[in-house]
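Comments concern the structure below.
The values are calculated or read from the model by the stated rules, or taken from the named source; none is laboratory data. Since the model is a prediction, treat every value here as computed from it, not as a measurement. Please note: Cβ atoms are built from the backbone with ideal geometry, for glycine as well, and neighbour counts cover all protein chains shown. Just the protein is used for accessible areas: all its heavy atoms, side chains included, with ligands, DNA and RNA removed. Shrake-Rupley method; radii C 1.70, N 1.55, O 1.52, S 1.80 Å.
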Amino acid sequence: MSTDESRIRTLIEDWAKAVHAGDLDAVLAGHATDIVMFDVPPPYEGVLGIDAYRETWPSFFIWQATGASFEIVSLDVTAGEEVAFAHALLRCGTAEEFERNPANRLRLTFGLRKESGRWLVAHEHHSFPVEAGSD
């Protein structure tokens, strides 16, 4: 694993720990000011910019405080000189949700760029698979 891949892996693992801890400052730390995020809940057109990204987290933290999990199951990173991408699967849900569907995983994709020698998340995409018959 290259040094850049290792740094990105640490950035994403630290982000996931911060999300689980409800530490908003740490969640925002490795993100570009012009981040674009596509998330599970609306808005459907995505979230543009760090201020809008910041606003998405408080309601998630409230839900998560009910006992929900948020843990990385797998993480793959590919890094070039100035851009990189990573994808991960996470256990994200409540005990009741995992009883109904133990295999369900949150899918994450990250697009990163290097600015002044530092990796920043410029794009983040979260999704769950659609279950058959869930329309």
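Neighbours of His126, meaning other residues whose beta-carbon lies under 9 angstrom from its beta-carbon, give a summed charge of -1 when Lys and Arg score +1 and Asp and Glu score -1.
Taking 0.36 nm per residue of separation and subtracting the current Cα-Cα distance, fully stretching the chain between Ser69 and Ala29 would add 12.3 nm. When Kirkwood radius over Cα pairs in Å is calculated directly from the model, which label among (i) 15.5; (ii) 14.7; (iii) 17.3 fits? Answer by label: (i).
Shown for the chain: the carbon plus sulfur share of the solvent-accessible area, taken with all protein chains present and a 1.4 angstrom probe, equals 53%. The distance between label points at Glu45 and Arg107 comes to 2.5 nm (points 7 Å beyond Cα on the Cα→Cβ vector).
For the options Trp119, Trp15, Trp63, a Gaussian network treatment of the chain with springs between C-alpha atoms closer than 10 Å singles out Trp63 as fluctuating the most. Label-to-label distance for Ser116 and Phe61 is 2.6 nm, based on points extended 7 Å past Cα in the beta-carbon direction. With a 1.4 Å probe rolled over the protein heavy atoms of all chains, the accessible area of His126, His20 falls in the order His20, His126, largest first.
Excluding ligands, DNA and RNA, the accessible surface per residue across the range 19-76 is 56 Å² with a 1.4 Å probe. Axis of helix 3-21 versus longest Cα principal axis of the chain: the two differ by about 40°, to the nearest ten degrees.
Shape of the range 1-66 from its Cα gyration tensor (a ≥ b ≥ c, root eigenvalues): rounded if a/c is under 1.5, otherwise prolate when a/b > b/c, or oblate? Kindly include the intermediate steps, with their values, before the conclusion.
Working: a/c = 2.12, a/b = 1.35, b/c = 1.57.
Cα axes put the range 1-66 in the oblate bin.
What shape does the range 52-96 take by its C-alpha gyration tensor, where a ≥ b ≥ c are the square roots of the eigenvalues and a/c under 1.5 counts as rounded, a/b above b/c as prolate, and the rest as oblate?
Values: a/c = 5.53, a/b = 1.64, b/c = 3.37.
Cα axes put the range 52-96 in the oblate bin.
Cβ under 9 Å from Gly30's Cβ, Gly30 left aside: what net charge do those residues give with Lys, Arg +1 and Asp, Glu -1? Local charge sum for Gly30: 0.
In this structure, Phe128 and Glu81 have a Cβ-Cβ separation that, at R0 = 41 Å, corresponds to a calculated FRET efficiency of about 0.80.
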